Amino acid sequence: MTIPLVVALIGNPNTGKSTLFNALSGSRALTGNYPGVTVEKKIGRTRLGTRVADIIDLPGTYSLAPRSLDEMVAVDVLLGRQPDTPRPDVVVCIVDASNLERNLYLVSQVREVGLPVVLVLNMTDVAAEKGVTFNPGQLSERLGLPIVSTEAHRHRGIDELREAILKAADRHTLPATPPTVFPPAFLAECDALAAQLEQWNLPPLPLFLRQRLLIDVGGWLESHAGQQHSAELVAWLQQARARLADQACQVPAIEARSRYRAIRETLQGVVTRPEVPPSTFSDRLDRLLTHQLVGLVIFVLLMLAIFQAIYRGAAPLMEWCEAGQEWLADFVGQWFSPGPLQSLITDGIIGGVGSVLVFLPQIVILFLFIALLEDCGYMARAAFIMDKLMTRVGLSGKSFVPLMSSFACAVPGIMATRTIENRQDRLTTILVAPLMSCSARQPVYALLIGAFFPATYFAGNWLGVRELALFGMTALGAVVAIPTAWLLKKFFFPGETPPFVMELPSYKWPSPRLVFARVYDRARAFVMRAGTLIFMTNILVWAAGYFPGDHSRVDALQTQVSALEEEQATQEAERDRQTALKAKAELVLASGPTGRGMVQSQPELADSGRALAAAEQRLSEIETELEPLKAERNAERSRLLEQSLLGRLGHAIEPVVRPLGWDWRIGVGVLASFPAREVIVSTLGTIYSLGGEEDGLDDALRSATWPDGRPVYSLPVALSIMVFFALCAQCVSTLMVIHRETNDWRWAAFTFVYMTALAYVAALLTYQLSRAWFG
Amino acid sequence: MSTLAELAPGSRARIVAVTGSDAIAARLMEMGLIEGETVEYLGPAPLGDPLEFRVCGYRLSLRQTEARRVQVSPP
């Protein structure tokens, strides 16, 4: 087997790079992360004639000037310095034909890494609409690069591109020294830098990186390339830059000036752009969508629609998911007798799989919208419109959609932060996203508000205490997120505010193929990479709630209950059948004396009457037998939970949660709800011997007492629990998604620690203050 | 010398220079804001900031703080 050809795909954002990647690799891509960074590694395999090729999709970028480790990845891949990634044989650089001048800036940098480059001119249709005309043959000649024109969304030009890549890979006519746009004075400093590095016994750096060291003031390389000579290198660079400034080669201006000068020379006479750009449909649409009033109204309506779609639209799908899980658990459960194996399979495994799949409706719906809005060009406008508001908390407009989505569920919200290129902004957004009140908190609020808040209304039934409490709880997380984001920015991610220099791309019809590919990719990434960890945590928490403990009594009780319930179902069916027969016989009798029918129906009526009475008799017997059995089973389950590891932990942490007004039962509920917040409701249902049921739980809570007879629950306790759940990180899925998105365990751990601390302190204050207030 | 932040909506100007030598200045220049280029100010976002420009045949959004770093002269 021959070694696959390695092709790197690079280009500006909004050039159709993803569409081209999918067209080349058929969207069968392997995704992962480059080690140590949050940049997604995406590699697709394809065939180029007889050869196999791996296409590396590099992140969309305007420039190869690395300011952070994340931005360094593309440079390292192109230079063959990225571990685990082979150096590409060919670079495919995709450009927006309607905007060649700016797009060629990146091409000009890419050419200098010393690899064969194939230029792809995409969006030629948009260029024509904008009145831009060009001569590709002449452009190819001037640049000295092969050019392929494509309309990636229509799959046009893809075969030509495959051929061009093969040709470029086979051609060994690459010039010994890559072309340069820089003046001799600058290149002389690059040589001087090479000599200086050698003198310090540092490994030699390719010319491209030496250029970057000189140009990128405060860039990533400046602080990392010097190794043990870091301080000396920075001093040397400062002197070199001063020397360059004296020779009219001031950095960083020299780069943009030299490159754009070369680009203008290349494009002179090859590309013509009308002096006054024609007013396109996209321009007219933009005037409306960024209009001071109309634009704002459309934005608000659109965001409400998206929010409703995730929050309400996903609900029936999630219910189906849960119903399917219950059905499957019942169906599979009957093959096993009650015992640890049955519990592991139904509660642990099927429950664990269900807890992963239940997120898919929200992820799919959110990413459907995001992919549509991104592909049609509106996403940049949403960031443009919201930027001013988001800068108040030190973030940018790009954080708005992820944070808004987190009000439905933080999992898709955090996954949506990929559109934020700035690492600091992205991490801050990820860290505060779980504070937004998600739908999993609603059952907790509903239970406690229903049980402990009066149904009092003010202002002519318009304002209710319960509604106010629910609103307050929902708003709490967002309110706390504001200072939290500010503090995180100040202490964890200091430095200047990242620029909001953003392209507002032309509007276009979204491509269904690309939208589908994006949604599928996100859903798959969640299930494959976060799903397994969520599943494993579910199994662990199940085991902690099951072991240790002797389940033989509860299993025996359950066997009896199941047998009785089965008989109950049979008897009920019999009762219904006999009722129907009786009604039929009565109908015949009522229709009048018609001879034969009467004679037959009389005894039938008597038979079914007897059978009906027998069935009802047995049913009421079953009822009386079932009641105590169920009560005993539920009490036994409650006792087993208390004896389990989880219950013991709950007892152990009671001194810690006492200042919050909680007893060990609430502690167990909080521990058990680590996989998902709403689990506390069913856990309390088990503890209060309701067999995990929610019915009657409010009464059970109201009548629960401390050993000395005082009631456990009061308004302050309910408030303290709700405030805790508003701010805590009791959601393993969120933490796993943070781990996956940041590619670092420490951010997930940090989120858990900071949110738990925040929740504890806030619950403590709430309890102590409200107790002083309400007495 | 006026800056991009002081233009009237719909007006055009020629870029003279980008002030500073930090990453933001480099970013502005990379995006095509270099001397001699003509820029058209299209208008602000609904809440007043950022601002929308047309440069090199595409639309670019800049915050006021960033626009202030781009010195311009009449076209």
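Out of curiosity, is A:ARG212 within 12 Å of another protein chain (Cβ to nearest Cβ) and within 21 Å of A:GLN199 (Cα to Cα)?
Numbers: within 12 Å of another protein chain (Cβ to nearest Cβ): yes; within 21 Å of A:GLN199 (Cα to Cα): yes.
Taking the combined requirement at face value, the residue satisfies it.
Go through segment A:705-736 and give me each residue that's of a type in the set (Phe, Trp, Tyr), more than 30 Å from A:LEU357 (Cα to Cα) and part of a helix (DSSP H, G or I). Spell out how you get there, then give the answer.
Going through segment A:705-736, the residues of a type in the set (Phe, Trp, Tyr) turn out to be A:706, A:713, A:724-725.
Narrowing the set further to residues that are more than 30 Å from A:LEU357 (Cα to Cα) leaves A:706, A:713.
Selection gives nothing.
If you scan segment A:386-407, which residues turn out to be away from every other protein chain (no Cβ under 14 Å), surrounded by fewer than 23 Cβ atoms within 10 Å (Cβ to Cβ) and not aromatic (Phe, Trp, Tyr)? Explain how you work it out, then say what you get.
In the first step, residues of segment A:386-407 are kept if they are away from every other protein chain (no Cβ under 14 Å); the result is A:393, A:399, A:401-407.
Okay, now just the ones that are also surrounded by fewer than 23 Cβ atoms within 10 Å (Cβ to Cβ), so A:393, A:404, A:407.
Hits for segment A:386-407 are A:VAL393, A:MET404.
Can you tell me which residues in segment A:249-290 are of a type in the set (Val, Ile, Thr) and more than 8 Å from chain B (Cβ to nearest Cβ)? Don't jump to the end; show me each part of the working.
Here is the first cut: in segment A:249-290, the ones of a type in the set (Val, Ile, Thr) are A:251, A:254, A:263, A:266, A:270-272, A:276, A:280, A:290.
Across segment A:249-290, the qualifying residues are A:ILE254, A:ILE263, A:THR266, A:VAL270, A:VAL271, A:THR272, A:VAL276, A:THR280.
Of the residues that make up segment A:292-307, is at least one at pLDDT below 90 and within 9 Å of another protein chain (Cβ to nearest Cβ)?
Yes, some residue in segment A:292-307 is at pLDDT below 90 and within 9 Å of another protein chain (Cβ to nearest Cβ).
Filter segment B:34-75 down to residues that are facing chain A (nearest Cβ under 7 Å) and farther than 24 Å from A:ILE298 by Cα, then give me how many there are.
Qualifying residue count for the region: 4.
Check whether at least one residue in segment A:61-79 is in contact with a His (Cβ under 7 Å, 6 or more places away or on another chain) and part of a helix (DSSP H, G or I), and report yes or no. Give the steps one after another, and end with the answer.
We begin by selecting, within segment A:61-79, every residue in contact with a His (Cβ under 7 Å, 6 or more places away or on another chain); these are none.
No, segment A:61-79 contains no residue that is in contact with a His (Cβ under 7 Å, 6 or more places away or on another chain) and part of a helix (DSSP H, G or I).
I need the full set of residues from segment A:1-39 which are without any contact (Cβ under 8 Å) to a residue 40 or more places away in the chain, crowded, with 17+ Cβ neighbours inside 10 Å and either out of contact with any strand residue (DSSP E or B) (no Cβ under 8 Å at 6 or more places or on another chain) or hydrophobic (A, V, I, L, M, F, W, C) (or both), in order please.
The answer is A:PHE21, A:VAL39.
When you scan segment A:456-504, how many residues do you find that are within 14 Å of another protein chain (Cβ to nearest Cβ), surrounded by 17 or more Cβ atoms within 10 Å (Cβ to Cβ) and either more than 30 Å from A:ASN12 (Cα to Cα) or of a type in the set (Asp, Glu) (or both)?
Of the residues in segment A:456-504, the ones within 14 Å of another protein chain (Cβ to nearest Cβ) are A:495-504.
Now drop any that are not surrounded by 17 or more Cβ atoms within 10 Å (Cβ to Cβ), which leaves A:497-504.
Okay, now just the ones that are also either more than 30 Å from A:ASN12 (Cα to Cα) or of a type in the set (Asp, Glu) (or both), so A:503.
Number satisfying all stated conditions: 1.
Only one of these is under 30 Å from A:ARG529 (Cα atoms), under 21 Å from the mean Cα position of the chain (by Cα) and at pLDDT below 95: A:VAL732, A:VAL753. Name it.
Values: A:VAL753 fails: at pLDDT below 95.
Only one candidate passes the filter, namely A:VAL732.
List the pairs whose first member sits in segment A:276-299 and is not assigned by TED's automatic domain parsing to the domain that holds A:ALA127, whose second member is part of a helix (DSSP H, G or I) and surrounded by fewer than 12 Cβ atoms within 10 Å (Cβ to Cβ), and whose Cβ atoms are under 8 Å apart, counting only residues at least 6 apart or on separate chains?
A:VAL294/A:LEU288; A:GLY295/A:LEU288; A:ILE298/A:LEU288
Evaluate segment A:535-547: report whether one residue or more is surrounded by 21 or more Cβ atoms within 10 Å (Cβ to Cβ), within 22 Å of the chain's Cα centre (by Cα) and not aliphatic (A, V, I, L, M).
yes
Quick test of your reading of the structure: A:ALA410 fulfils all but one of (1) farther than 18 Å from A:ILE534 by Cβ; (2) crowded, with 22+ Cβ neighbours inside 10 Å; (3) modelled with pLDDT of 90 or more. Name the failing condition by number.
Result: A:ALA410 passes all but (1).
Considering only residues of segment A:279-330 that are surrounded by 14 or more Cβ atoms within 10 Å (Cβ to Cβ) and β-branched (Val, Ile, Thr), which is farthest from B:LEU47 (Cα to Cα)?
Here the answer is A:ILE310.
Tell me whether segment A:322-339 contains one or more residues that are more than 14 Å from every other protein chain (Cβ to nearest Cβ), among the aromatic types (Phe, Trp, Tyr) and in contact with a helix residue (DSSP H, G or I) (Cβ under 6 Å, 6 or more places away or on another chain). It would help to see each step written out before you state the result.
So in segment A:322-339, the residues more than 14 Å from every other protein chain (Cβ to nearest Cβ) come out as A:322-339.
If we keep only those that are among the aromatic types (Phe, Trp, Tyr) as well, we get A:327, A:331, A:335-336.
Right, trim to in contact with a helix residue (DSSP H, G or I) (Cβ under 6 Å, 6 or more places away or on another chain) and you get A:336.
Yes, there is a match, as at least one residue in segment A:322-339 is more than 14 Å from every other protein chain (Cβ to nearest Cβ), among the aromatic types (Phe, Trp, Tyr) and in contact with a helix residue (DSSP H, G or I) (Cβ under 6 Å, 6 or more places away or on another chain).
In segment A:499-513, what residues are at pLDDT 85 or above and not in a loop (DSSP other than H, G, I, E, B)?
Scanning segment A:499-513 gives A:MET502, A:GLU503, A:LEU504, A:PRO512.
Collect the residues in segment A:178-234 that are surrounded by 19 or more Cβ atoms within 10 Å (Cβ to Cβ), more than 36 Å from the chain's Cα centre (by Cα) and small (Gly, Ala, Ser), keeping them in residue-number order.
A:GLY226, the sole residue that qualifies.
Just to be sure I understand, how many residues within segment A:699-753 are within 30 Å of A:VAL39 (Cα to Cα), in contact (Cβ under 8 Å) with a residue 12 or more places away in the chain and β-branched (Val, Ile, Thr)?
6
Restricting to segment A:634-662, name every residue that is crowded, with 20+ Cβ neighbours inside 10 Å and part of a loop (DSSP other than H, G, I, E, B).
Of everything in segment A:634-662, those that are crowded, with 20+ Cβ neighbours inside 10 Å and part of a loop (DSSP other than H, G, I, E, B) turn out to be A:SER644, A:GLY661, A:TRP662.
If you go through segment A:102-157, how many residues are surrounded by fewer than 21 Cβ atoms within 10 Å (Cβ to Cβ), under 19 Å from A:PRO510 (Cα atoms), more than 14 Å from chain B (Cβ to nearest Cβ) and touching a residue at least 60 places away in the same chain (Cβ under 8 Å)?
The number of residues fulfilling the criteria is 1.
What pairs come up if the first residue lies in segment A:40-65 and is farther than 15 Å from A:ALA168 by Cα and within 14 Å of chain B (Cβ to nearest Cβ), the second is among the aliphatic types (A, V, I, L, M) and buried (at least 19 other Cβ atoms within 10 Å of the Cβ), and their beta carbons are under 6 Å apart, counting only those six or more places apart or on different chains?
Close Cβ pairs satisfying both conditions: A:LEU64/A:VAL75.
Test of understanding: among A:VAL217, A:VAL181, which residue is under 30 Å from A:ARG423 (Cα atoms) and either part of a helix (DSSP H, G or I) or within 14 Å of chain B (Cβ to nearest Cβ) (or both)? I'd like the intermediate steps shown before the answer.
On the way: A:VAL181 fails: under 30 Å from A:ARG423 (Cα atoms).
Exactly one residue qualifies, and that residue is A:VAL217.
Determine if segment A:81-100 includes at least one residue that is modelled with pLDDT of 90 or more, part of a helix (DSSP H, G or I), away from chain B (no Cβ under 14 Å) and surrounded by fewer than 23 Cβ atoms within 10 Å (Cβ to Cβ).
No, because not a single residue in segment A:81-100 is modelled with pLDDT of 90 or more, part of a helix (DSSP H, G or I), away from chain B (no Cβ under 14 Å) and surrounded by fewer than 23 Cβ atoms within 10 Å (Cβ to Cβ).
Which residues, counting only those in segment A:533-561, are free of Cβ contacts under 8 Å to residues at least 12 places away in the same chain and of a type in the set (Ser, Thr, Tyr)?
Matches in segment A:533-561: A:SER552 only.
Listed residues A:GLU627, A:GLU621, A:GLU693; which is farther than 27 Å from A:LEU533 by Cα, without any contact (Cβ under 8 Å) to a residue 40 or more places away in the chain and within 32 Å of the chain's Cα centre (by Cα)? Outline the logic, then answer.
Values: A:GLU627 fails: within 32 Å of the chain's Cα centre (by Cα); A:GLU621 fails: within 32 Å of the chain's Cα centre (by Cα).
Within the list A:GLU627, A:GLU621, A:GLU693, the selection yields A:GLU693.
Checking the condition at pLDDT 85 or above and outside any loop (DSSP other than H, G, I, E, B), which residue from A:ALA573, A:ALA606, A:ALA585 passes? It would help to see each step written out before you state the result.
Values: A:ALA606 fails: at pLDDT 85 or above; A:ALA585 fails: at pLDDT 85 or above.
So the residue among A:ALA573, A:ALA606, A:ALA585 that is at pLDDT 85 or above and outside any loop (DSSP other than H, G, I, E, B) is A:ALA573.
So, A:ARG257, is that one closer than 26 Å to B:ALA17 by Cα, basic (Lys, Arg) and over 43 Å from the mean Cα position of the chain (by Cα) or not?
Working: closer than 26 Å to B:ALA17 by Cα: yes; basic (Lys, Arg): yes; over 43 Å from the mean Cα position of the chain (by Cα): no.
Criteria not met by A:ARG257.
Of (1) assigned to a helix (DSSP H, G or I); (2) in contact with a helix residue (DSSP H, G or I) (Cβ under 7 Å, 6 or more places away or on another chain); (3) surrounded by 16 or more Cβ atoms within 10 Å (Cβ to Cβ), A:ARG553 satisfies all except one. Which?
Only one criterion is unmet by A:ARG553, namely (3).
The values are calculated or read from the model by the stated rules, or taken from the named source; none is laboratory data. Quick caveat, the model's predicted, so the values are computed rather than measured. Glycine also receives a Cβ, built like all others from the backbone with ideal geometry; neighbour counts cover every protein chain displayed.
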